[in-house]
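The values are calculated or read from the model by the stated rules, or taken from the named source; none is laboratory data. Computed from a predicted structure; not experimentally measured. Heads up, the Cβs are rebuilt from the backbone with ideal geometry, glycines too, and the neighbour counts pull from every protein chain shown.
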């Protein structure tokens, strides 16, 4: 009786980040090399092959070694190609482990890393923080831009985001002409949407003071993108965000200030009543008395 293949262990945190940051490579490969899937009514085949391409991407993340000098997209594409090619030559029902099961499972409890292990978790770096900010800006811009224009704009924005903006390697990006053909949009409309999407991402990043601070740190540090985010740098980044928020608050009218405060409490999850009580309790007795006197007088005047 044949033995079942031994299931592979879930990905480490660093491997998961590689997979999630490069998912667009699978779609790029399918659109370039599996032309028959562009026909309508082939959605199930597309999903099957996309699943297999994701497994190839997972294998690439599991075996990739950053010190090899090869970029991850260049390393992953041949493995995606092999996985898809194998799937096209066999029964589609013979698929193995599903992509979501591997990417979402946590690392095994009690797993220990050895010194020098390339998969050993490391402190967050400037490059990782920059990449995370960029990807969130792309997703936010995509949601906003998808709601503009005709109903099919969402499909075009999704393709531009996944196959161009989210792909780090310029040589791996899908061309605008190919996206225009795949989405059945005109080239001029595709180009215009691409420009608008890039502009929205750029404006989002320019409004984030931490993004520019991280870029300066990358240029100043000999380690570049691999520079760790230590406690002093984290404090400096937090200070940049605090100064920007206070500047927006000072220059806003009363209505906008109220909106900024609501946003702060909503995002931070803090309780405004508890925060006010804590602040009032910390005041000296004379200041507590003055606070109640002033607010009482102003309340009476407004009610009259």
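Specify the residue that is nearest to residue 20 (Cα to Cα); the eligible residues are those in the range 61-75 that are in contact (Cβ under 8 Å) with a residue 40 or more places away in the chain and part of a helix (DSSP H, G or I).
So, considering only residues that are in contact (Cβ under 8 Å) with a residue 40 or more places away in the chain and part of a helix (DSSP H, G or I), the one nearest to residue 20 (Cα to Cα) is 61.
So residue 182 ticks every box in (1) at pLDDT 90 or above; (2) under 24 Å from residue 158 (Cα atoms) but one. Which box is left unticked?
(1) is the only condition that residue 182 fails.
Residue 214: at pLDDT 90 or above, farther than 22 Å from residue 31 by Cα, crowded, with 18+ Cβ neighbours inside 10 Å and over 15 Å from the mean Cα position of the chain (by Cα), yes or no? Steps first, please.
Values: at pLDDT 90 or above: yes; farther than 22 Å from residue 31 by Cα: yes; crowded, with 18+ Cβ neighbours inside 10 Å: yes; over 15 Å from the mean Cα position of the chain (by Cα): yes.
In short, yes.
Among the listed residues 70, 58, which satisfies the condition of being within 27 Å of the chain's Cα centre (by Cα) and modelled with pLDDT of 85 or more?
Going through 70, 58 in turn, just one is within 27 Å of the chain's Cα centre (by Cα) and modelled with pLDDT of 85 or more: 58.
Filter the range 184-193 for residues that are surrounded by fewer than 19 Cβ atoms within 10 Å (Cβ to Cβ), in contact with a helix residue (DSSP H, G or I) (Cβ under 7 Å, 6 or more places away or on another chain) and part of a helix (DSSP H, G or I) and give the result.
187, 191
Hey, among the residues in the range 217-235 that are surrounded by 14 or more Cβ atoms within 10 Å (Cβ to Cβ) and over 19 Å from the mean Cα position of the chain (by Cα), which one's farthest from residue 139 (Cα to Cα)? Can you show your working first?
Our first condition is that a residue be surrounded by 14 or more Cβ atoms within 10 Å (Cβ to Cβ); within the range 217-235, this holds for 217-218, 221, 225-227, 229, 233.
Applying the additional criterion that residues be over 19 Å from the mean Cα position of the chain (by Cα) yields 217-218, 221, 227, 233.
Working: 217: 25, 218: 24, 221: 29, 227: 26, 233: 26 Å.
Checked the range 217-235; the qualifying residue farthest from residue 139 (Cα to Cα) is 221.
Is it the case that residue 202 is under 21 Å from residue 143 (Cα atoms), modelled with pLDDT of 90 or more, exposed (fewer than 13 other Cβ atoms within 10 Å of the Cβ) and in the same structural domain as residue 148 (by TED's automatic domain parsing)?
Working: under 21 Å from residue 143 (Cα atoms): yes; modelled with pLDDT of 90 or more: yes; exposed (fewer than 13 other Cβ atoms within 10 Å of the Cβ): yes; in the same structural domain as residue 148 (by TED's automatic domain parsing): yes.
When the stated conditions are applied, residue 202 passes them.
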